[in-house]
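The values are calculated or read from the model by the stated rules, or taken from the named source; none is laboratory data. This one's a predicted model, so the numbers in the text were calculated from it and none came from an experiment. Virtual Cβ from ideal backbone geometry, glycine too; neighbours counted across all protein chains shown. Note: areas computed on protein heavy atoms with side chains; ligands, DNA, RNA excluded. Shrake-Rupley method; radii C 1.70, N 1.55, O 1.52, S 1.80 Å.
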Amino acid sequence: MIEKILAIITEVTGQQQLTLQTDLVRDLQLNSFDVVNIIIAFENEFGIEIETQQIRHIQKIKDIADYLEKQGVHD
Amino acid sequence: MTEAGLRLFSGSLDSLSSAGLLQKALKRQVDMGILPFVPTERTLTPKGKPYFADLPAMHFSISHSGQQWVCLFASQPVGIDIEQPRRCREEAIARRFFHPLEQAWLAKHPQAFFPIWTAKESYVKWSGCGIDSQFSQFSVIDEHGALCQGDGYQFIPFVTKKGTPGTMCLSASLSERYQTYELD
């Protein structure tokens, strides 16, 4: 699951050497449009909808992983 | 103190972090006599809009795209967004985040995607709401594709010196004329 999450973010952003603790803004210099692209990629991959108001709370990759787990998304 | 209008500062994240560039912009404005001091009490509203508690009359909005960073300062609320156009899932993003009026316009004018996106983002930064569940509930354009001037705000499309397009959302009482400053 974690590998899949990291692979999706790499595919969307082109950034490598990611970990769960990677901060999307501080470490990858992504902006909110980049995060939206990542959200769309996850929604497409897992067939879910991530609530729009959750977007501002996504700071680290771990936040995405935690959200997916809460939604019951598994490998 | 110098009476100042809109100030648009640009910099590169190659040289400094966003916080470092903001600090540099603030110091420059003190040196120019626009600000009385460099504020330090940076905080967030409950909805996540940044401001300085020790200088609340100074409004600002930050945006970056790739390494290009900008910050707009004014005496009234402002919002700014820049976005270097690039390949992305435009249809999926529009379906999810655009108002039906915007989707309909985009279907016939695909080049409007980033102008619409930056206008929407600049608006939610101006209002302080950020991207929330209401983001797809408002349209920044009318049925002819023209940017709407709303109750208390106005949109100003612009392009940075380095060629990155964006939109400013300003309080309606502000003059749309702005001074640009380079931090590099």
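Annotation: aspartates and glutamates with alpha-carbon distance below 14 angstrom to A:LYS70 (same-chain offsets under eight excluded): A:GLU49, A:GLU51.
Ordered from largest to smallest accessible area (heavy atoms of protein chains, 1.4 Å probe), the residues A:MET1, B:MET32, B:MET58 come out as B:MET32, A:MET1, B:MET58.
Neighbouring Cβ atoms from other chains, within 10 Å of the Cβ of residues in B:77-90, number 2 on average. Axis angle, to the nearest 10 degrees, between helix B:18-31 and the longest C-alpha principal axis of chain B: 50 degrees. Surface analysis of the protein assembly as shown yields an accessible area of 50 Å² per residue, using protein heavy atoms and a 1.4 Å probe. Its alpha carbons considered, the protein assembly as shown gives a radius of gyration followed by a Dmax of 18.6, 61 Å. Largest accessible area first, the listed residues B:ASP31, A:ASP63, A:ASP23 line up as B:ASP31, A:ASP63, A:ASP23 when surface is computed with a 1.4 Å probe on the assembled protein chains. Note on B:GLN134 and B:ARG28: with the Förster distance fixed at 35 Å, the Cβ-Cβ geometry gives a FRET efficiency of about 0.50. Summary of packing: across the peptides B:128-134, A:15-21, the per-residue average of other C-beta atoms within 10 Å ranks them, highest first, as B:128-134, A:15-21. Across region B:26-144, the relative contact order, built from alpha-carbon pairs under 8 Å that are at least six residues apart, equals 22 percent. Put simply, region B:6-182 fits an ellipsoid with semi-axes of 29, 17, 15 Å; these come from the alpha carbon gyration tensor as the roots of five times its eigenvalues, largest first. Within the protein assembly as shown, DSSP assigns beta bridges of which about 85% are antiparallel (rounded to the nearest 5).
Helices meeting the span-like rule in chain A (full DSSP H runs, Cα extent of at least 15 Å along the helix axis, mean Kyte-Doolittle score of -1.0 or higher): A:2-13, A:32-46. Distance between the 7 Å Cα→Cβ label points at A:ILE48 and B:PHE37: 4.8 nm.
Entry note, chain B: the mean residue ellipticity at 222 nm calculated from DSSP H runs of n ≥ 4, each adding -39500 (n - 2.57), is -7500 deg cm²/dmol after division by the residues and rounding to the nearest 500. For region B:111-151, heavy-atom accessible area (probe 1.4 Å) falls by no less than 50 Å² from the chain alone to the full protein assembly at B:ILE131. For region B:1-95, what class follows from the C-alpha gyration tensor (a ≥ b ≥ c being the square roots of its eigenvalues): rounded when a/c is under 1.5, otherwise prolate if a/b is larger than b/c, else oblate? It comes out prolate by the Cα gyration axes. Helix B:113-127 versus the longest principal axis of chain B: what is the Cα-based angle in degrees, 0 to 90, to the nearest 10? Rounded to the nearest ten degrees, it is 50. Accessible surface ranking for B:GLU91, B:GLU102, 1.4 angstrom probe, highest first: B:GLU91, B:GLU102. The per residue volume of the convex hull around the alpha-carbon atoms of chain A is 78 Å³.
In percent, rounded to a whole number, the relative contact order of region B:111-184 is 29, using alpha-carbon pairs under 8 Å and six or more apart.
Inter-chain neighbour count for A:45-55: the average number of beta-carbon atoms from partner chains within 10 Å of each residue's beta-carbon is 3. Split the accessible area of chain B by element, probe 1.4 Å, and carbon with sulfur accounts for 53%. One Cα centroid belongs to region A:22-64, the other to region B:54-130; the line between them spans 17 Å. Chains A and B together bury roughly 1800 Å² of accessible area, counting both sides, with a 1.4 Å probe on protein heavy atoms only.
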